[in-house]
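Novice: Quick one: this structure, given as structure tokens, is what I'll be asking you about.
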Amino acid sequence: LVNIPAFALEAVERNSVVQRHRIIAGRTERQTPGVKAMIKNINFFPFWHVPESIAHLDLIPKMRKEPDYMAKEKIRAFKAFKGEEVPLETIDWNSEQAKTYKFQQDPGPQNALGLVRIDMPNEHTVYLHDTPMKQLFGQRGRAYSAGCVRVDAVFDLVAWILKDVPSMDRAQIDGILSDGQ
């Protein structure tokens, strides 16, 4: 259960809270919506398919100011998702055409989703995930995201979610993380 105003997540089992986590939720202008969804996948080392709203409001303006930003962050441009890659240096970031491209961030420690994404299909495309910006969990108010929910100590939550999956305990999860695959 995620309590957005309290910036908290509780893992509940048989009417008892078994884990509590701090979260980072959506900013005022990009609030985390209320959803009811079932977790379907745990995605280690996820690619991040940048939503159009984030591409248009954040990424493209950032490229106008800092032309090497996407290369540093390992974000690539495509004509369509799973389509032909477009070299970043060929894009005119001041043109309307820049808004037609799709952007994908490669997995790794720089990835905005961190090292794991907890997929729970819903109409808002909101999910739970790790973050490389762990220092934000120390803030009292934690409205910093573009709508998804970043979870502190997310691998403890992942271990709890996967507890009934054979050979998928915390040691196995830590092994996946240390092996990088």
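The values are calculated or read from the model by the stated rules, or taken from the named source; none is laboratory data. This one's a predicted model, so the numbers in the text were calculated from it and none came from an experiment. Every residue, glycine as well, gets a Cβ built from its backbone with ideal geometry; the counts of neighbours run over all protein chains shown. Note: areas computed on protein heavy atoms with side chains; ligands, DNA, RNA excluded. Shrake-Rupley method; radii C 1.70, N 1.55, O 1.52, S 1.80 Å.
Novice: How much mean residue ellipticity at 222 nm does the chain get from its helices, if each DSSP H run of length 4 or more adds -39500 (n - 2.57) and you divide by all residues, to the nearest 500 deg cm²/dmol?
Specialist: -4000 deg cm²/dmol
Novice: From the protein chains alone at 1.4 Å, what is the descending order of accessible area for 42, 118, largest first?
Specialist: 42, 118
Novice: Separate question: At 1.4 Å probe size, with every protein chain present, just tell me what the per residue accessible area of the chain comes to in Å².
Specialist: Counting only protein heavy atoms, the per-residue value for the chain is 59 Å².
Novice: For Cα pairs less than 8 Å apart in space and 6+ apart in sequence, what is the mean separation divided by the residue count of segment 57-111, i.e. the relative contact order in percent?
Specialist: 39 percent
Novice: Still on this structure: Looking at the chain as a GNM with Cα springs under 10 Å, which of 25, 143, 159 has the largest mean-square fluctuation?
Specialist: 159
Novice: Let me ask something else about it. Measuring from label point to label point, each 7 Å out along Cα→Cβ, what is the residue 11 to residue 172 span in nm?
Specialist: Label-label distance for residue 11 and residue 172, simple model: 1.5 nm.
Novice: Calculate one ³J(HN,Hα) per residue across segment 61-74 by plugging θ = phi - 60° into the Karplus curve 6.51 cos²θ - 1.76 cosθ + 1.60, and present them in order as whole Hz with x for glycine and proline.
Specialist: Computed from phi, the couplings for segment 61-74 are x, 5, 5, 5, 8, 9, x, 9, 4, 5, 5, 4, 8, 6 Hz.
Novice: Under a crude label model (7 Å from the Cα following the beta-carbon direction), how far is residue 95 from residue 68 in nanometres?
Specialist: Output for this residue pair reads 2.5 nm.
Novice: Give the angle, between 0 and 90 degrees and rounded to the nearest 10, that separates the Cα long axis of helix 170-179 from the longest principal axis of the Cα atoms of the chain.
Specialist: Its long axis makes an angle of about 20 degrees.
Novice: Would you work out what percent of the accessible area of the chain, with all protein chains in place, is carbon or sulfur (probe 1.4 Å)?
Specialist: 51 percent
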